[in-house]
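**Q** Quick one: this structure, given as structure tokens, is what I'll be asking you about.
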Amino acid sequence: MRFEDLSVGQEATARRTITEADIHAFAAVSGDRNPAHVDHIWAAAFRFKGPVAHGMLTAALVSAVLGMQLPGPGTIYLSQTLRFTGPVRPGDTITTRVEVTALEPARRLARLATTCTNQRGETVLDGEATVLVEEGP
């Protein structure tokens, strides 16, 4: 999308059901094999009473919406604030929503509110992203 086509209030959403395979793949790629994520026996005795997805796996869903939908291909991620407000468990369907909140045309920057909610409508992540909107070839 061209920077000129962006407007405050524009939004995009995506849904994904998180699987145990997603969690194990993220653990393998990131090297974060914390037993809270990958060990059912350990996690059963932990705060959440079972395995939970990595917070950064949930944050990666935001990256996917920014890079593929809004603003879309060519977007350069500059910064992100994150607040993890609830666990994401295997089987949870996460809806990721990004909304343009501010534009800086001189610098081609966009600020976006970023939110992830589960299938019960509970917010599990919120924050704000700043991106540079580059036009592709």
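The values are calculated or read from the model by the stated rules, or taken from the named source; none is laboratory data. Given the structure is predicted, the values throughout are model-derived calculations rather than measurements. All Cβ positions, even for glycine, are placed from backbone atoms using ideal geometry, and neighbour counts span all protein chains on display. Please note that ligands, DNA and RNA were not included when accessible areas were found on the heavy atoms of the full protein model with its side chains. Shrake-Rupley method; radii C 1.70, N 1.55, O 1.52, S 1.80 Å.
**Q** Using only Cα atoms, tell me the angle between helix 55-68 and the longest principal axis of the chain; keep it within 0 to 90° and round to the nearest 10.
**A** Taking Cα atoms only, the helix is inclined about 30 degrees.
**Q** Run the accessible area of the stretch 1-111 with a 1.4 Å probe and give the carbon-and-sulfur part as a rounded percent.
**A** Exposed carbon and sulfur together represent 56 percent of the surface.
**Q** Let me ask something else about it. Please tell me the relative contact order of the chain in percent, rounded to the nearest whole number, where contacts are Cα pairs under 8 Å and at least six residues apart.
**A** Computed over the chain, the figure is 30 percent.
**Q** Considering Cα pairs under 8 angstrom that are at least six residues apart, work out the relative contact order of the stretch 12-54 and quote it in whole percent.
**A** 31
**Q** While we're on this one: For the chain, what does the helix formula give at 222 nm: sum of -39500 (n - 2.57) over DSSP H segments with n ≥ 4, over the residue count, nearest 500 deg cm²/dmol?
**A** -7000 deg cm²/dmol
**Q** While we're looking at this one, here's another question. If we count trypsin sites (Lys or Arg not before Pro) as exposed when they sit in a DSSP loop and have at most 14 other beta carbons within 10 Å, what is the longest stretch of the chain that avoids them all?
**A** 50-106
**Q** Then there is this: For the stretch 55-123, what is one quarter of the convex hull surface built on the Cα atoms, given in nm²?
**A** 4.9
**Q** Additional query: Over the alpha carbons of the stretch 1-73, what is the largest minus smallest coordinate on each principal axis, giving the biggest first in Å?
**A** 52, 22, 15
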